[in-house]
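Heads up: the structure comes next, in structure tokens.
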Amino acid sequence: MGSSSSKPEVPSHVWKASSPVARISHDVVESLQSSSETDTSRAQSLELAVQARVASELRKLEAQASAALKEAEEKVTSVPETENEANQLSRQTVSKEVEALRARLDKRKQLKPLPESVEQARDGVVKCLRENDRRPLDCWREVEAFKEEVRRLEKGWVEKVVS
């Protein structure tokens with residue numbers, strides 16, 4: 001049982017020509033027979049060569065991308081100082097204009113009390129909604145009355161502004 005090896009012995013390479021015309025030199029046959037390279041070792045060396053080529057191409061692409069990024073950053077940082085100053089001036093003028101508009105708006109914020117008819121209509125809507133909290137659509141009459149009062153108030157304001 002243990003006297004023989006478990007792997008069968010591989011016979012040496014024997015080359016037989018399929019036709020008498022194809023003759024291979026004796027040196028080529030000997031170099032092939034003496035070569036220790038197998039299909040797997042050739043595939044591995046080919047794979048390593050491909051990986052090396054891909055890695056070199058990736059390095060080239062990375063270098064190009066970093067150069068383009070560096071160039072773009074230089075363009076952004078090389079904005080002339082006059083444009084920056086112009087932007088600062090425009091920011092200052094805009095902030096002054098905003099402050100002026102706020103001041104004008106604050107002057108206009110003079111609330112006037114609502115007329116009694118609008119107050120009554122609003123109170124009617126609130127009272128109806130509280131009484132009919134589960135059925136708010138029942139308050140449509142009160143809402144319409146409130147809308148009409150607001151419409152009258154707006155119409156009077158527009159006439160006052162236009163004239």
Just to verify a number: FRET efficiency for GLU159 and ASP133, C-beta to C-beta distance, R0 = 45 Å, to 0.05?
0.70
Just want to confirm a number: the relative contact order over the range 34-163, from Cα pairs under 8 angstrom separated by 6+ residues, in percent.
15
Estimated distance in nm for a label pair at ASP27 and ARG151, the labels positioned 7 Å out from Cα along Cα-to-Cβ
11.2
For the pair LEU69/LEU114, report the inter-label distance in nm, with labels modelled 7 Å from Cα in the Cβ direction.
6.1
What Kirkwood hydrodynamic radius, in Å, does the range 24-73 give when the mean of 1/r is taken over all pairs of distinct Cα atoms and then inverted?
14.3
Give the calculated FRET efficiency between ARG122 and GLN92 to the nearest 0.05, with a Förster radius of 45 Å applied to their Cβ-Cβ distance.
0.50
In a Debye calculation with equal point scatterers on the alpha-carbon sites of the range 105-163 and no solvent, what is log10 I(q)/I(0) at q = 0.14, 0.15, 0.29 Å⁻¹?
-0.51, -0.57, -1.12
Report the local net charge at VAL161: Lys and Arg +1, Asp and Glu -1, summed over other residues whose C-beta lies under 13 Å from its C-beta.
+1
What are the equivalent ellipsoid semi-axes of the range 24-163, built from the alpha-carbon gyration tensor (square roots of five times its eigenvalues), in whole angstrom, biggest first?
87, 35, 11
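We did not get these values from a lab; they are worked out from the coordinates using the rules stated. Note that the coordinates shown come from a computational prediction; the quantities given were computed from them, not determined experimentally. A quick note on method: Cβ atoms are made from the backbone with ideal geometry, for glycine too, and the neighbour counts reach across all protein chains shown.
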